[in-house]
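Single-structure report; data block below.
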Amino acid sequence: MMIHLSVPLLLHQLEPLLSGERRKLTYTPIGSSYRLDFHRHRDGHVRVRANGIPVGRCSAEGLARAVLTAAQSFAGEHLETLPAGDPAAKDYTSALRRFRQAQHHPTT
(Lines give C-alpha, C1' and ligand atoms only; values in the text may rest on other atoms or scores of the structure.)
Protein backbone atom coordinates (compact mmCIF):
# COMPACT_ATOMS: atom_id res chain seq x y z
CA MET A 1 0.00 0.00 0.00
CA MET A 2 2.86 2.43 0.70
CA ILE A 3 3.85 2.49 -2.97
CA HIS A 4 0.41 3.87 -3.83
CA LEU A 5 1.28 6.83 -1.61
CA SER A 6 5.00 7.07 -2.43
CA VAL A 7 4.66 7.39 -6.21
CA PRO A 8 2.41 10.48 -6.03
CA LEU A 9 4.84 12.00 -3.52
CA LEU A 10 7.73 11.39 -5.94
CA LEU A 11 5.79 12.92 -8.85
CA HIS A 12 4.93 15.98 -6.78
CA GLN A 13 8.47 16.47 -5.48
CA LEU A 14 10.10 16.01 -8.89
CA GLU A 15 8.10 18.78 -10.59
CA PRO A 16 10.19 21.73 -9.25
CA LEU A 17 13.44 19.87 -10.01
CA LEU A 18 12.42 19.07 -13.56
CA SER A 19 11.14 22.58 -14.24
CA GLY A 20 14.43 24.06 -13.01
CA GLU A 21 12.91 25.79 -9.95
CA ARG A 22 15.07 23.62 -7.67
CA ARG A 23 18.48 22.11 -8.18
CA LYS A 24 18.42 19.45 -5.47
CA LEU A 25 15.91 16.96 -4.16
CA THR A 26 16.18 14.27 -1.53
CA TYR A 27 13.32 11.79 -1.80
CA THR A 28 12.50 9.09 0.75
CA PRO A 29 9.49 6.89 0.01
CA ILE A 30 6.83 6.66 2.69
CA GLY A 31 7.66 3.99 5.27
CA SER A 32 11.18 3.43 3.90
CA SER A 33 14.76 4.25 4.78
CA TYR A 34 15.74 4.10 1.09
CA ARG A 35 16.79 7.51 -0.22
CA LEU A 36 17.21 9.01 -3.66
CA ASP A 37 19.18 12.21 -4.14
CA PHE A 38 18.70 14.20 -7.33
CA HIS A 39 20.97 17.05 -8.36
CA ARG A 40 20.12 19.07 -11.46
CA HIS A 41 23.11 20.64 -13.16
CA ARG A 42 22.98 23.89 -15.10
CA ASP A 43 23.21 22.01 -18.39
CA GLY A 44 19.87 20.31 -17.61
CA HIS A 45 21.27 16.92 -16.68
CA VAL A 46 20.27 15.26 -13.44
CA ARG A 47 22.62 13.15 -11.34
CA VAL A 48 20.89 10.46 -9.26
CA ARG A 49 22.24 8.70 -6.18
CA ALA A 50 20.58 5.92 -4.20
CA ASN A 51 21.57 5.91 -0.54
CA GLY A 52 24.66 7.87 -1.49
CA ILE A 53 25.73 5.51 -4.30
CA PRO A 54 25.78 6.94 -7.83
CA VAL A 55 23.04 5.44 -10.01
CA GLY A 56 23.41 7.51 -13.13
CA ARG A 57 22.99 10.73 -14.97
CA CYS A 58 20.37 11.66 -17.53
CA SER A 59 18.62 14.64 -19.03
CA ALA A 60 15.75 16.15 -17.06
CA GLU A 61 13.47 15.27 -19.98
CA GLY A 62 14.68 11.67 -19.96
CA LEU A 63 14.10 11.40 -16.23
CA ALA A 64 10.60 12.83 -16.59
CA ARG A 65 9.77 10.36 -19.38
CA ALA A 66 11.11 7.38 -17.44
CA VAL A 67 9.26 8.29 -14.23
CA LEU A 68 6.02 9.03 -16.10
CA THR A 69 6.20 5.77 -18.05
CA ALA A 70 6.81 3.73 -14.89
CA ALA A 71 4.07 5.53 -12.92
CA GLN A 72 1.54 5.03 -15.74
CA SER A 73 2.48 1.37 -16.07
CA PHE A 74 2.12 0.80 -12.33
CA ALA A 75 -1.25 2.56 -12.33
CA GLY A 76 -2.50 0.43 -15.20
CA GLU A 77 -1.53 -2.77 -13.45
CA HIS A 78 -2.11 -2.05 -9.76
CA LEU A 79 -4.51 0.80 -9.00
CA GLU A 80 -7.49 -1.46 -9.57
CA THR A 81 -6.34 -3.59 -6.64
CA LEU A 82 -7.30 -0.80 -4.24
CA PRO A 83 -10.80 -0.84 -2.74
CA ALA A 84 -13.42 1.18 -4.60
CA GLY A 85 -13.33 4.82 -3.51
CA ASP A 86 -9.90 4.53 -1.88
CA PRO A 87 -8.42 8.05 -1.55
CA ALA A 88 -4.95 6.76 -2.48
CA ALA A 89 -6.18 5.90 -5.99
CA LYS A 90 -7.63 9.37 -6.42
CA ASP A 91 -4.39 10.99 -5.19
CA TYR A 92 -2.35 8.77 -7.50
CA THR A 93 -4.36 9.58 -10.63
CA SER A 94 -4.43 13.28 -9.74
CA ALA A 95 -0.65 13.41 -9.24
CA LEU A 96 -0.14 11.52 -12.50
CA ARG A 97 -2.36 13.95 -14.41
CA ARG A 98 -0.58 17.01 -12.92
CA PHE A 99 2.85 15.54 -13.65
CA ARG A 100 1.88 14.73 -17.24
CA GLN A 101 0.51 18.25 -17.75
CA ALA A 102 3.63 19.84 -16.23
CA GLN A 103 5.83 17.89 -18.66
CA HIS A 104 3.76 19.07 -21.65
CA HIS A 105 3.78 22.69 -20.42
CA PRO A 106 7.17 23.28 -18.76
CA THR A 107 7.73 26.59 -17.03
CA THR A 108 11.32 26.94 -18.30
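The values are calculated or read from the model by the stated rules, or taken from the named source; none is laboratory data. Everything numeric in this text was worked out from a predicted model, so none of it was measured. Here the Cβ positions follow ideal geometry from the backbone for every residue, glycine too, while neighbour counts run over all protein chains shown. Just the protein is used for accessible areas: all its heavy atoms, side chains included, with ligands, DNA and RNA removed. Shrake-Rupley method; radii C 1.70, N 1.55, O 1.52, S 1.80 Å.
For the reader, a short list of remarks on this structure follows.
- Size-normalised alpha-carbon gyration radius of segment 9-104, reference 2.2 N^0.38 Å: 1.13
- FRET efficiency, 1/(1 + (r/R0)^6) with R0 22 Å, evaluated for His39 and Leu79 via beta carbons: 0.10
- Evaluating 6.51 cos²θ - 1.76 cosθ + 1.60 at θ = phi - 60° for every residue in segment 37-48, the Karplus couplings come out as 10, 10, 9, 8, 8, 4, 7, x, 7, 10, 9, 10 Hz, glycine and proline recorded as x.
- Protein accessible area in the chain, 1.4 Å probe - carbon and sulfur %: 56 percent
- Accessible area in square angstrom per residue, the chain, 1.4 angstrom probe: 61 Å²
- Taking all protein chains together and a 1.4 Å probe, the residues Glu61, Glu21, Glu15 rank Glu21, Glu61, Glu15 from largest to smallest accessible area.
- Each of Ala71, Pro16, Thr81 was placed along the dipole of the chain (beta-carbon charges, centred on the mean Cα), and the one lying farthest toward the positive end is Pro16.
- Where trypsin sites (Lys or Arg not before Pro) fall in DSSP loop in segment 40-81, at most 11 other Cβ within 10 Å: Arg42
- Annotation note: chymotrypsin sites (Phe, Trp or Tyr not before Pro) in segment 1-97 located in DSSP loop regions with a Cβ neighbour count of at most 15 within 10 Å are Tyr34.
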